[in-house]
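Since the structure comes first, as structure tokens, the remarks are kept for the end.
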Amino acid sequence: MARTVKCVLLGTDAEGLDKPPYPGELGQRIYENVSKEAWQRWVRHQTMLLNEYRLSPIEPKARKFLVAEMEKFFFGGGSDAPQEFVPEEK
């Protein structure tokens with residue numbers, strides 16, 4: 001049976017993650033408060049950040065930036081796209 005969480009991003013009850021997606025306290029907080037759908041939204045946003053800022057996830061400075069953006073995305077009012085970013089039209 002799937003876990004249900006009150007998702008901080010969606011504002012509704014939704015299916016929760018199967019396990020913490022990140023180590024430590026932040027990962028546990030995400031596990032307890034973020035739905036699978038919201039996590040997928042973060043993954044897409046993170047991919048955009050990696051591409052637009054040309055970040056390498058193996059660099060400590062890039063990882064620190066992404067963790068800060070992840071916290072803002074879920075718990076701090078949102079993570080913004082770069083000013084120059086233009087989303088693809090569907």
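The values are calculated or read from the model by the stated rules, or taken from the named source; none is laboratory data. Just so it is clear, the structure is predicted and the values come from calculations on it, not from any experiment. In this analysis, Cβ positions are derived from the backbone assuming ideal geometry, glycine residues included, and neighbour counts consider all displayed protein chains.
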Name the one entry in Val43, Val34 that is among the β-branched types (Val, Ile, Thr) and touching a Leu at 6+ places or on another chain (Cβ under 8 Å). Val34
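Results for (1) in contact (Cβ under 8 Å) with a residue 60 or more places away in the chain; (2) closer than 13 Å to Val8 by Cβ; (3) surrounded by fewer than 16 Cβ atoms within 10 Å (Cβ to Cβ); (4) of a type outside the set (S, T, N, Q), shown as yes or no for each residue.
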position	(1), (2), (3), (4)
Glu25	no, no, yes, yes
Arg54	no, no, yes, yes
Ile58	no, no, yes, yes
Glu69	no, no, no, yes
Phe73	yes, yes, no, yes
Ala62: passes all of (1) closer than 30 Å to Asp13 by Cβ; (2) at pLDDT 95 or above; (3) among the small types (Gly, Ala, Ser) but (1)
Output yes when any residue across the range 3-10 is closer than 18 Å to Glu69 by Cα, more than 13 Å from the chain's Cα centre (by Cα) and in a loop (DSSP other than H, G, I, E, B), and no when none is. no
Filtering the range 33-46 down to residues that are free of Cβ contacts under 8 Å to residues at least 40 places away in the same chain and either surrounded by 13 or more Cβ atoms within 10 Å (Cβ to Cβ) or of a type in the set (Phe, Trp, Tyr) (or both) yields Ser35, Lys36, Glu37, Ala38, Trp39, Arg41, Trp42, His45, Gln46
Among the listed residues Leu9, Leu49, which satisfies the condition of being more than 14 Å from Phe74 (Cα to Cα) and buried (at least 16 other Cβ atoms within 10 Å of the Cβ)? Leu49
